[in-house]
Amino acid sequence: MNPFPLDSRQPALVAITRRGAAQAARLARLWPDAALFLLPPWHESWPERATPLPPPLRDHIPQLLAQHQPVVFFCALGAVVRLIAPHLRNKRQDPAVLLVDEAARFVIPVVSGHLGGANQQALRLARLLQAMPVITTASDSQQSMAVDLLGQPLGWRLHATPQALIRVAAAVVNSEPVAWVQECGSQRWRLAYPQLPACVCPLATIREADPNRFQALLWITDHPDPDPIEQQWPDRLIRYQPPRHPGPSLWLGLGCDRHTTLTTLLEALQEAQAALRFSWEQVVALATIERKGDEAGLLQLAERFALPLTLFTAEQLAAVAVANPSAMVQRHVGTPSVSEASALLAAGEGTHLWLPKYRYRGQDGKNVTLAIARQIHPPAHAPENEHGW
């Protein structure tokens, strides 16, 4: 069970046939936050949970798209396309729409794969249903860089013309030379992109970015006057602006099986970030039990994002009152809590548990527990950056 929805709107599961209704009801059991909508008479098999949608289904599509996020259909792809096509506006406004076939073998993002989160939801639902996600967006299928999402988990603001978004994305997908200049903000964007595409060339300063040498420019800056640079790169520049004051500080408490890989840890963190929509700029430390101090995946995680890894003894953790103690954890490590207790201990006074213990199981079979403590009240004034802006 995922303890939090990915959007303030309620997810919707919609089925129109008997087999589709059975699969939708199955997912609803695994996803209690979701609303289940079934065409009669299939709703009668789940009267406590399902809401009937009297035919024709097309009459209900505007309300489903307006009030729910994501909307997951259990039927044929062609039927979904015909149903939603008259109501689509643009990728910045359309909700995530996904398709699951009636045998629950495949999960397909239909629209809003990037900005609406359909691609990420497809990966998550595929894990729940033990199905195969079918991702067709070029940057994802090529495991490349989605320039329209870059820095989104860090709270970066994107500045670009619609033409620039198209041209820069095409340059990355087509492996054309792209300049990368980062003047501010943290390096934690690498959570989503452990390796840059070969065509992206990191440069030390903006002066090295030659419009005649590169097809596009990715520029992370808080420069007070970016106009001269933008004029040199007409419709070939995406400028990202990191937040000056990212928000309340966060402390992440982690527990994991022995030999959990960095990949599984990253997946757990990405899922939590996508759900709670915090900025990685807010994270100030990782914390865990002392016996995990030699865990390679945790050490790699802390090193990659330049975060301190705080270790606590079992006795210290056992003294912390937590929301979700575990007798099994007590037997194995000598404390009823690792993730929740370590997050609260690392955060100290003036904080509270923002995310209670969340469990994630990776494709390698390893388990991760994650909890997040947050400041109760953010500082009244955050320090200015080194330029005084």
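The values are calculated or read from the model by the stated rules, or taken from the named source; none is laboratory data. Since the model is a prediction, treat every value here as computed from it, not as a measurement. In case anyone asks, the SASA skips ligands and DNA or RNA and just uses the protein heavy atoms, side chains included. Shrake-Rupley method; radii C 1.70, N 1.55, O 1.52, S 1.80 Å.
Overview of results
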read-out	value
Rg to Rh quotient for the range 293-366, alpha carbon positions, Kirkwood Rh	0.96
Contour excess over end-to-end distance, with Cα ends at GLN363 and MET328 and 0.36 nm allotted per residue	10.3 nm
Relative contact order (%) - criterion: Cα under 8 Å, at least six apart; region: the chain	11 percent
Over the range 277-384, relative contact order from alpha-carbon pairs under 8 Å, at least 6 apart, %	20 percent
Average accessible area per residue (Å²) across the chain - probe 1.4 Å, nucleic acids and ligands excluded	48 Å²
Global form of the range 156-224, assessed from the alpha-carbon gyration tensor, a/c cut-off 1.5	rounded
Percent carbon-and-sulfur accessible area, the chain, ignoring ligands, DNA and RNA, probe 1.4 Å	51 percent
Cα convex hull of the range 286-336, projected area averaged across orientations, nm²	3.8 nm²
The range 65-135 - percent relative contact order, Cα under 8 Å, separation 6 or more	28 percent
Percentage of interatomic Cα-Cα distances in the range 161-305 larger than 18 Å	63 percent
Interchain or long-range residues, amide H under 5 Å from LEU250's placed H	VAL283, VAL284
Kirkwood hydrodynamic radius of the chain, from inverse mean 1/r over distinct Cα pairs, in Å	22.9 Å
Span-rule helices in the chain, defined as complete DSSP H runs reaching 18 Å or more along the axis (Cα) with Kyte mean at least -1.0	18-30, 262-276
For the range 243-361, convex hull volume per residue from C-alpha positions, Å³	104 Å³
Sequence of HIS223, HIS60 when ordered by accessible area, the most exposed leading, probe 1.4 angstrom	HIS223, HIS60
